[in-house]
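Read the structure below first, then the notes.
Any read-out appearing in this document is the output of simple, stated calculations on the displayed coordinates, not a laboratory observation. Keep in mind the model is a prediction, meaning the values are calculated, not measured. Quick reminder, even Gly has a Cβ in these numbers, built from the backbone with ideal geometry, and neighbours come from all protein chains shown.
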Amino acid sequence: MPNIKSAKKRVLVNETKNAQNKAAKSALKTVLKKFDTAVAEGNRSEAGSVYTQAVKSVDKAAARGLIHANKAAHKKSQLTIKLNAMED
């Protein structure tokens, strides 16, 4: 356990930020799973609406530094390919 006041604060801040990052990553995974289930069910209209949410959340995660920018671009490309591969 740290003895210096600034080190104690840093431990508390790191715990808070860790919890926030974990929650944000979990929310991102939830949106991506929701998109995958919509695609698996073949529901084109639902998949289209969830697609926009998924792309937005991927962009936000990349902007916040939760995922790398290249990973975000790769993920968006995968989502687009899945959406376009669905039969109308």
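Determine the pairs where a residue that is closer than 21 Å to Ser57 by Cβ, located within the stretch 1-25, has a partner that is surrounded by 10 or more Cβ atoms within 10 Å (Cβ to Cβ) with Cβ atoms under 8 Å apart, the partner being 6 or more residues away or on another chain.
What qualifies is Asn21/Leu66; Ala24/Ala61; Ala24/Arg64; Ala24/Leu66; Lys25/Ala61; Lys25/Leu66.
If you check every pair at least six apart or on different chains, which have Cβ atoms under 7 Å apart with a residue in the stretch 59-85 that is within 16 Å of Lys29 (Cβ to Cβ) first and a residue that is of a type in the set (D, E, K, R) and surrounded by 13 or more Cβ atoms within 10 Å (Cβ to Cβ) second?
Sorted first by the residue in the stretch 59-85, then by its partner, the pairs are Leu66/Lys25; Ala72/Asp59.
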